[in-house]
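Peer 1: Supplied in structure tokens, the structure appears directly below.
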């Protein structure tokens, strides 16, 4: 099993858990769990593959990902009632999935010999878009847009760290490990200690009509 | 006209009607009708083509689909006021479109010699994503996620039925007919008789913030 | 710099401004500004490239677009408080971006020798989908669907005008200029003078459940 496949599998499994937990909040049935789990789990990597022209996309080439998603969704379906707070579980699993998906995206871009800008972008796309689709489809406030938190910023910093490590001559696997570490550190630090960047402030926050 | 084109045309036309009816609920003008009709009608098949690397996508290769969509949208624009309930019309036309679009997706995957897992996935993608885009863009509750109904499940069962029929040595056209029948039977049975899978239940249904 | 690149760059920059202004209404941080600006700025052109099979997509081939987006987002982050109404600024910048993005899409389709139907569709896709994604993700009422306004219609008319000008033997650059003019004229006339097409009217506007 190549590093690319291992990273994609891990990101897919953990994102699938967050999708299934979100499906539980919407009280869907088991097929609904699998559907939302799949959307979340392969959404980011699918966009990455499409943007890079890497088709058929990864889960068409190797359908094992679909099996992994189904297992994750089933697991949540039968155990979610044991959780004290499903929302907190979503937050932390999502952070873990982000920290695997960003290096998964970075790694694919590196393998295809893209430059640092595309490497960083593919980390962000792979990490952030699955969760964004999950939240838009299930009508949740997108985690990616929550005020006073680092999310895209964590993915961005992870991508920059990987690009920098490679530039400084580190090996690919070490760069990906640094990428995962920086991403998780910033995301979890934001959740635990309120680390954030200054947000745009205005009064009133919105003028004009509102959706 | 090949079977692939015939199935795509039929699915496109009926989905276009549901899109135009949804546009009528949002009181759009005729171009808005065509826009939402097009999004609904080609959304699922476009994703299928992209995921499989079948580009340019089907409606770029043969723009007749655009004409079919425009005709469907015009038809709804001038006749929708005759309907007693536009919502009930959307539900039933959507069920019919699903029952044609799932075999349309299945058929393309078979033609490209994909295995059963991809065949089933392409049935689901082609059947479910056009309506999902329609509902997200128009801010309707997605039909695909309605509690206590079979929707993705109907598409899933239709895809499985087709894969099984092929495996048992049936001809392609018969497998697609069985696929359409199973999909429509489950979807309409769910609407008429409340057939459903057990949904995830919890108290409270959601903890944490809500979108 | 080719005409294609110049048009894409201009559309990307102005759409990025509207995305960043929408991010300011949601009180995001600077990375959130860049994220929404990027989604808005490259959303339509990315779909165009995917539908036409023109991969890797334009901003992967030439990452200068990412730089342009970051500059636009920063500019808005530090100057948006000077605006009297950010909402009005979004409306007018969006109209300007539409009037550049439609000819950008038309131009790519012409360059690839597609027929008039695909030319018009690619103008609409490139012009309308970036703003639509921005509004869906940020939970704003999509500009593209606002009642009593011309939006998709303006893009459609611009595409038709370009196709007609080419058919009548005009040069490519002149056809694109006419396309931009027609699009902006209709969109701005709609905003200033209430130009509109008759909308579908019914009583009640919706029956059945509502999202």
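The values are calculated or read from the model by the stated rules, or taken from the named source; none is laboratory data. Note that this is a predicted model, so its numbers are computed, not measured. Glycine also receives a Cβ, built like all others from the backbone with ideal geometry; neighbour counts cover every protein chain displayed.
Peer 1: Going through the stretch C:77-92 one residue at a time, which ones are more than 9 Å from chain A (Cβ to nearest Cβ) and assigned to a helix (DSSP H, G or I)?
Peer 2: C:78, C:79, C:82, C:89, C:92
Peer 1: Follow-up question, since we're still on this one. Please work out which residue is surrounded by the fewest Cβ atoms within 10 Å (Cβ to Cβ), limiting yourself to the stretch A:29-66 and to residues that are over 19 Å from the mean Cα position of the chain (by Cα), free of Cβ contacts under 8 Å to residues at least 24 places away in the same chain and in a helix (DSSP H, G or I).
Peer 2: Looking at residues that are over 19 Å from the mean Cα position of the chain (by Cα), free of Cβ contacts under 8 Å to residues at least 24 places away in the same chain and in a helix (DSSP H, G or I), I get A:61.
Peer 1: Further question: Of these, C:105, C:72, C:43, C:53, which one is more than 27 Å from residue A:199 (Cβ to Cβ) and more than 10 Å from chain A (Cβ to nearest Cβ)?
Peer 2: When all the criteria are applied, what remains is C:105.
Peer 1: Mind checking which residues of the stretch C:167-192 are away from chain A (no Cβ under 14 Å), under 26 Å from residue C:24 (Cβ atoms), surrounded by fewer than 20 Cβ atoms within 10 Å (Cβ to Cβ) and touching a residue at least 40 places away in the same chain (Cβ under 8 Å)?
Peer 2: Listed by number, the residues that qualify are C:184, C:188.
Peer 1: I've got another one for you. Among the candidates B:198, B:204, which residue alone is in contact with a strand residue (DSSP E or B) (Cβ under 9 Å, 6 or more places away or on another chain) and modelled with pLDDT under 90?
Peer 2: The unique qualifying residue is B:198.
Peer 1: Follow-up question, since we're still on this one. Sort out which residues of the stretch B:118-136 are modelled with pLDDT of 95 or more, more than 10 Å from the chain's Cα centre (by Cα) and within 8 Å of chain A (Cβ to nearest Cβ), and write them in order of number.
Peer 2: If the condition is that a residue be modelled with pLDDT of 95 or more, more than 10 Å from the chain's Cα centre (by Cα) and within 8 Å of chain A (Cβ to nearest Cβ), then B:118, B:121 are the ones that fit.
Peer 1: Further question: For the stretch B:86-117, what are the residues that are buried (at least 24 other Cβ atoms within 10 Å of the Cβ) and closer than 21 Å to residue A:39 by Cβ?
Peer 2: Hits for the stretch B:86-117 are B:94, B:97, B:98, B:101, B:102, B:104, B:105, B:106, B:109.
Peer 1: Any residue that is more than 19 Å from residue A:105 (Cα to Cα), in contact with a helix residue (DSSP H, G or I) (Cβ under 7 Å, 6 or more places away or on another chain), free of Cβ contacts under 8 Å to residues at least 12 places away in the same chain and not in a helix (DSSP H, G or I) - is there at least one of those in the stretch A:9-28?
Peer 2: Yes, the stretch A:9-28 contains a residue that is more than 19 Å from residue A:105 (Cα to Cα), in contact with a helix residue (DSSP H, G or I) (Cβ under 7 Å, 6 or more places away or on another chain), free of Cβ contacts under 8 Å to residues at least 12 places away in the same chain and not in a helix (DSSP H, G or I).
Peer 1: Give the residues of the stretch C:137-166 that are in a loop (DSSP other than H, G, I, E, B) and within 14 Å of chain A (Cβ to nearest Cβ), sorted by residue number.
Peer 2: Step one: of the stretch C:137-166, the residues in a loop (DSSP other than H, G, I, E, B) are C:138-142, C:146-151.
Within the stretch C:137-166, C:138, C:139, C:140, C:141, C:142, C:146, C:147, C:148, C:149 qualify.
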